[in-house]
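The values are calculated or read from the model by the stated rules, or taken from the named source; none is laboratory data. In this text, all values refer to a predicted model and were calculated from it rather than measured experimentally. Counting neighbours? That spans all protein chains shown, and the Cβs are built from the backbone with ideal geometry, glycine included.
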Amino acid sequence: MGIEVAKSNQGLFLTQRQYALDIISDSGLTASKPVDFPMEQNLKLTPSEGSVLSDPSPYQCLVDRLIYLTVTRPDIAYPVNILSQFMQEPRQPHMHAAICLLRYLKTTPGQGLFFPSNSDLSLKAYCDSDLASCPTTRRSTFGYCIFL
């Protein structure tokens, strides 16, 4: 499944390092300059701005692969969620944002999840919402993150 597991006395580490590197390589971005953030701040992607991609399949395949990468990379869950909203008719700004996300992955391809062996189980949950922030539908958006 592409998930690498490293077990030690300190705990268990899950990563998809090779999978992330394969995505970057297959996209032809191996020599590109890395960026520090997965998505430009205050970027508002819409379904109507920019030119429609002549062939949507590379974008769709890329986003599908990124969705699977979120298994061990919760830091990219938000941008992948945004990009997945435009699978039906992707446009040039959507592809540009996806390439920016790939350039971010270059900075830490081996990042993953660490489960310490000596910690007590505790449950923490966080949520956030934004009133009418979706630029397309003007609906509210929300997100949550749960840690065990």
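Of the residues that make up region 103-112, is at least one assigned to a loop (DSSP other than H, G, I, E, B), touching a residue at least 40 places away in the same chain (Cβ under 8 Å) and exposed (fewer than 10 other Cβ atoms within 10 Å of the Cβ)?
Going through region 103-112, the residues assigned to a loop (DSSP other than H, G, I, E, B) turn out to be 106-111.
Within this subset, residues satisfying the condition of being touching a residue at least 40 places away in the same chain (Cβ under 8 Å) are 106-107, 109-111.
When the remaining residues are screened for being exposed (fewer than 10 other Cβ atoms within 10 Å of the Cβ), the result is none.
Within region 103-112 (the criterion being assigned to a loop (DSSP other than H, G, I, E, B), touching a residue at least 40 places away in the same chain (Cβ under 8 Å) and exposed (fewer than 10 other Cβ atoms within 10 Å of the Cβ)), the answer is no, since none of the residues qualifies.
Restricting 104, 68, 59, 126 to residues that are aromatic (Phe, Trp, Tyr) and touching a helix residue (DSSP H, G or I) at 6+ places or on another chain (Cβ under 6 Å) narrows the list to 59. Of all the residues in region 56-79, those that are of a type in the set (S, T, N, Q) and free of Cβ contacts under 8 Å to residues at least 12 places away in the same chain number 2.
The conditions of being closer than 27 Å to residue 6 by Cβ and among the acidic types (Asp, Glu) are not met by residue 55. All told, residue 82 meets the bar of being crowded, with 16+ Cβ neighbours inside 10 Å, in a helix (DSSP H, G or I) and in contact (Cβ under 8 Å) with a residue 40 or more places away in the chain. Go through region 74-112 residue by residue and tally those that are closer than 19 Å to residue 12 by Cβ and touching a Pro at 6+ places or on another chain (Cβ under 8 Å). Residues that pass the stated criteria total 1.
Residue count for region 114-141 under the criterion of being at pLDDT below 80 and in a strand (DSSP E or B): the result is 1.
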